[in-house]
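The values are calculated or read from the model by the stated rules, or taken from the named source; none is laboratory data. It should be emphasised that the depicted structure is a prediction, and the values quoted were computed from it without experimental measurement. Don't worry about glycine lacking a Cβ; one is built from the backbone with ideal geometry, like all the others, and counts go over all protein chains shown. Side chains included, ligands, DNA and RNA excluded: accessible areas come from the protein's heavy atoms. Shrake-Rupley method; radii C 1.70, N 1.55, O 1.52, S 1.80 Å.
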Amino acid sequence: MKHVANIDLPEHRSTGGFDHADIHAASDRLYVAHTGNDALDVIDVSQDRYVESIGGLKAVAGALVSQERDLVFTSNRGENSVSIFKVRAETDMFKVTVGMKPNGLAFDPDRNILLAANVGDPGIAGSYTLSVVDVACRVRIAEVAVPGRTRWAIYDAARETFFVNILSPARIVALSSRNPVKLSKEFEIPAEGPHGLDLDAATGRLLCACDAGILFAIDAASGRVLGDVALSGAPDVVFLNPRFGRLYVAVGDPGVIDVINVVTMQRITTVPTEAGAHTLALDRRRNKVYAFLPRSHCAAVFQDTA
């Protein structure tokens, strides 16, 4: 990958830096959680320039886009809520109260159901949960207990199932979108700290990056481990580029992106970013990767090629 640009973003007003990000392809708008500023920063990926910040999102952690419904979702840890708005219509944003310290987000566009994976508090019994939100009705419809602290979440449309990483005990839990009131299955993960998670829809594999510094390819139907590869350190955010068959893995320490060939399960290259840069976004149309640099207050843009 070639470094092609840096995009200056607002300086942090407090601790927290940047967190999850996603891109709405039709509008070329990238939304990144700027946790330290209680805001979403917006980037125009067609011109690689900062556009604006959307405030009032206390300790925002997760950002997710629905391409099908042109919706943007955020998880707001500081106020136990999720925010929902149409692309370019943030003034019409509404919030729904969810469980304690929401983080990971996943969305079923057919049923218009949002899942928020709540980090909880180890000192409060029963606070590790998944909140299920009916977006059309603007209401939480279920709260499902999970066995430990949640990490990231994804939705598998083929199986109509949400998958959520659990820090400890190390596992992936599943929740059927058809009946989102109880867990449908659990997969044990043979390494500490499942963290980043994505889906290879073409092969039906979950790609689970663990704090132990290892990436697993897991059969989404059975939970069987199909392959693994070592990483440069403890990972956080991951994104799959299906066109190239590559997974981009953000590793905050030492500050790199590991590029993984998910067909051979081998590391192709390691690209330096900045210490603490644990999150990224992927423009699948242009094959560009955006790494968010907490010390430099900017997004570093990398162009990938086949």
Within the stretch 215-254, how many residues are in a strand (DSSP E or B) and farther than 17 Å from residue 279 by Cα? 10
Residues of the stretch 131-172 being aliphatic (A, V, I, L, M), under 20 Å from residue 236 (Cβ atoms) and assigned to a strand (DSSP E or B), which ones? 153, 154, 164, 166, 172
Just give me the residues in the stretch 275-303 being open to solvent by 10 Å² or more (accessible area, probe 1.4 Å) and assigned to a loop (DSSP other than H, G, I, E, B), in sequence order. 275, 276, 278, 284, 285, 286, 287, 294, 295, 296, 297
How many residues does the stretch 68-94 contain that are in contact with a helix residue (DSSP H, G or I) (Cβ under 8 Å, 6 or more places away or on another chain) and open to solvent by less than 60 Å² (accessible area, probe 1.4 Å)? 2
Can you tell me how many residues within the stretch 50-100 are polar (S, T, N, Q) and touching a residue at least 40 places away in the same chain (Cβ under 8 Å)? 6
Taking the stated definitions as given, is residue 252 open to solvent by 10 Å² or more (accessible area, probe 1.4 Å), at pLDDT 95 or above, on the phi > 0 side of the Ramachandran plot and not aliphatic (A, V, I, L, M)? no
Could you tell me which residue of the stretch 9-67 is surrounded by the most Cβ atoms within 10 Å (Cβ to Cβ), considering only residues that are acidic (Asp, Glu) and closer than 17 Å to residue 105 by Cα? 19
Of the residues that make up the stretch 260-268, is at least one touching a residue at least 40 places away in the same chain (Cβ under 8 Å), open to solvent by less than 10 Å² (accessible area, probe 1.4 Å) and part of a strand (DSSP E or B)? yes
Taking the stated definitions as given, is residue 156 acidic (Asp, Glu) and open to solvent by less than 10 Å² (accessible area, probe 1.4 Å)? yes
Pairs please, first residue from the stretch 227-255 and among the charged types (D, E, K, R), second anywhere and part of a strand (DSSP E or B) and open to solvent by 30 Å² or more (accessible area, probe 1.4 Å), Cβ atoms under 9 Å, 6+ apart in sequence or on different chains. 228/214; 236/152; 236/195; 246/261; 246/268
Would you check if there is a residue in the stretch 121-133 being at pLDDT 95 or above, touching a Leu at 6+ places or on another chain (Cβ under 9 Å) and open to solvent by 10 Å² or more (accessible area, probe 1.4 Å)? no
